[in-house]
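> Sharing a structure here in structure tokens format.
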Amino acid sequence: MQIISGTTEFECKHHTAVAIGKFDGIHQGHRMLLSQILKAKEDGLQSAVFTFDPPPGVFFSGKPQAELTTKEEKRRVFDRMGIDLLIEFPMNAVTAAMPPETFVREVLHDRLQTRFIAAGTDLSYGDRGKGDWHLLQAMSERMGYQVQVIDKIMYNGREISSTFVREEVQKGNMELAERLLGAPYCVAGNVMHGKRLGRTLGMPTVNLFPPRDKLLPPNGVYLSRLSAGNRQLNGITNIGCRPTVSNSGQMSVETYLYDFNEEIYGEYVEVSLYSFCRPEMKFSSVEELKQNMARDIEAGREYWKNRRL
């Protein structure tokens, strides 16, 4: 997948099928949009995802916001899906003030060579977000592209949105989050060296230190599966600041893997969270911590024994 980032000066050499949005979470609604541009590849078009960097909400508020899907995570998901081109279009004072008609003409038509656009009903772009799918359709014949408007996908009477997913993740409702996303909610990054406490206790863990812009569910223990390359490894994960053994307050994601004892330091891994087990607790001693970890591990082993892949 080709990535164009940090510049407004680019030009595609091939005609494209484009989906525009923030794609935070890459939920079921997003996946419907993406499926349409991937389908358009059958007509000889390049599939292109167009996002804004930083997201409009961050730019206009001036405040960082925790994301369901970080920039690096999005890049890897889009690449796995078979997207040909990702544009991370700079959001700044100049681009934010661009008239929507100019955006369609100069960016979508002239630079992206767009011939097909998959648009959600809540799409907005251009100065003060005044551009929408109606304008795309109004300009389509003149600009030489087709527009397919994708209706919202509903779940129990509520539209699936990043806000909906965010609420469920913040509750620790990983089962519902998975249904809304179409995949388990995950935390990804490179495996780091921890303090090796788990190894000392006979329960070694794989440690991640998530970026600050990553939305984490409530601190606690989760049933999980770790992806490392082509390997899928069942495990159990603690998210939190390890209050029994540390007062630093640093957040970590520590995963115990069943029947696995290899060293994977430095590897990029994804930890998918399937179910919340219990909140993080401060125990009176390391021995009590060890006993509870053993119980968690055994409960997780039973879960994975009974769950199908």
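> How high is the relative contact order of the chain, given as a whole-number percent (alpha carbon pairs under 8 Å, six or more residues apart)? Walk me through the numbers before you get to the answer.
Details: 554 pairs, mean separation 50.1, N = 309.
Relative contact order comes out at 16 percent.
> Could you work out the Kirkwood radius for region 184-306, taking every pair of different alpha carbons, averaging 1/r and inverting it, reported in Å? Intermediate results must be reported in sequence, preceding the final value.
Working: mean 1/r = 0.0692 Å⁻¹.
After inverting the pairwise mean of 1/r, the radius is 14.4 Å.
> While we're looking at this one, here's another question. Could you calculate the FRET efficiency of MET81 with ARG105 from 1/(1 + (r/R0)^6), where r is the beta carbon distance between them and R0 is 25 Å, rounded to 0.05? Intermediate results must be reported in sequence, preceding the final value.
Numbers: r = 29 Å, r/R0 = 1.14.
Plugging the Cβ-Cβ distance into 1/(1 + (r/R0)^6) gives 0.30.
> Still on this structure, I have one more. Quick one: Cα centre-to-centre distance for region 23-40 and region 279-304, in angstrom?
Taking the Cα centre of each part, region 23-40 and region 279-304 sit 39 Å apart.
> Order by neighbour count: ARG307, ARG31, fewest other Cβ atoms within 10 Å first, most last.
Numbers: ARG307 12, ARG31 18.
Final ranking by Cβ density, sparse to dense: ARG307, ARG31.
> FRET efficiency for SER140 and GLU167, Cβ-Cβ distance as r, R0 = 30 Å, nearest 0.05?
On the way: r = 35 Å, r/R0 = 1.18.
After rounding to 0.05, the efficiency reads 0.25.
> Further question: What is the angle, in °, between the Cα long axis of helix 71-81 and the longest principal axis of the Cα atoms in the chain? Nearest 10 is fine, range 0 to 90.
80
> Right, something else. Testing the spin-label approximation: label points 7 Å from Cα along Cα→Cβ at ILE3 and ARG158. State their distance in nm.
That separation, rounded to one decimal, is 3.3 nm.
> Just one of (1) 17.4, 51; (2) 21.8, 72; (3) 25.0, 78 is Rg and Dmax of the Cα atoms in Å calculated from these coordinates, so which is it?
(2)
> Please give the calculated 222 nm ellipticity per residue for the chain, where each DSSP H segment of at least 4 residues contributes -39500 (n - 2.57) and the sum is spread over every residue; nearest 500 deg cm²/dmol? Walk me through the numbers before you get to the answer.
Working: 9 runs with 87 residues, N = 309.
Roughly -8000 deg cm²/dmol at 222 nm, from the helical runs in the chain.
> How far, in degrees from 0 to 90, does helix 133-143 lean away from the longest principal axis of the Cα atoms of the chain, to the nearest 10?
50
> Can I ask one more? Beyond a 21 Å Cα-Cα separation, which of these cross-linked pairs lie in this structure: LYS171/LYS214; LYS39/LYS130; LYS22/LYS74; LYS13/LYS41; LYS13/LYS71; LYS63/LYS130?
Values: LYS171/LYS214 15 Å; LYS39/LYS130 29 Å; LYS22/LYS74 10 Å; LYS13/LYS41 15 Å; LYS13/LYS71 25 Å; LYS63/LYS130 23 Å.
In this structure, LYS39/LYS130; LYS13/LYS71; LYS63/LYS130 lie more than 21 Å apart at Cα.
> Expressed in nm to one decimal, what extension gain is obtained for the pair LYS305 and GLU263 from 0.36 nm per residue of sequence separation less their Cα-Cα distance?
Values: separation 42, 0.36 × 42 = 15.12 nm, distance 2.43 nm.
Length difference between fully extended and current span is 12.7 nm.
Only the coordinates and a few stated rules stand behind these numbers; no lab work does. Bear in mind the structure is a predicted one, so any value in this text is a computation, not a measurement. As a convention, Cβ positions derive from the backbone with ideal geometry for all residues, glycine included, and neighbour counts pool all protein chains shown.
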